[in-house]
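Okay, so here's the structure we're looking at.
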Amino acid sequence: MRYADSKKGTVPTEGEFRKLSSRNEELAKQEATLKKEYTTLLRKISSLSTVVMQLEERQHASDETVDHVSVIGQETLERVPDLKWYNEQIAIIEEVAKDSATFVVPDELTESYKLYRDTPLLHRDAQ
């Protein structure tokens with residue numbers, strides 16, 4: 001079966017077909033690798049979040065006067081100032097969530113969201 005090439009108006013050769021097939025296989029392998037890396041990243045983020053939450057719990061247990069509770073506490077922000085940007089992003093998301101009953105995932109991110117939602121955070125959960 002031959003397919004017409006819309007650019008040239010000609011039928012692709014077997015060599016071109018093999019090249020395209022090879023490229024398709026390469027992209028499929030890259031996608032599998034990226035999904036594995038994404039899963040690893042999610043697991044690391046989960047672990048890091050757990051550590052930050054434990055630090056925050058300890059800090060809040062010793063400090064009775066907390067005037068503003070943010071997702072990442074002040075003590076942690078002082079230790080790791082780069083996390084301030086994430087607090088700001090979370091605040092923006094919380095504002096958007098207040099304004100609308102449901103959060104709509106853009107079409108461009110739907111596949112990533114499904115992958116995130118379906119990814120087990122523990123290795124033993126994946127088996």
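FYI, it's all coordinate maths here, none of it is from the lab. Everything numeric in this text was worked out from a predicted model, so none of it was measured. Positions of Cβ are backbone-derived with ideal geometry, glycine not excepted, and every protein chain shown enters the neighbour counts.
Amide H contacts of G73: none lie under 5 Å away among residues 5 or more positions distant or on a separate chain (H built 1.01 Å from N in the peptide plane; Pro and chain starts excluded).
For the stretch 73-114, chymotrypsin sites (Phe, Trp or Tyr not before Pro) are listed when DSSP marks them as loop and at most 15 other Cβ atoms sit within 10 Å of their Cβ; the list is F103.
Sequence-ordered 3J(HN,Hα) estimates for the stretch 105-119 from the Karplus curve with 6.51, -1.76 and 1.60 and θ = phi - 60° stand at 7, x, 3, 5, 9, 4, 5, 5, 5, 4, 4, 4, 5, 8, 7 Hz, glycine and proline given as x.
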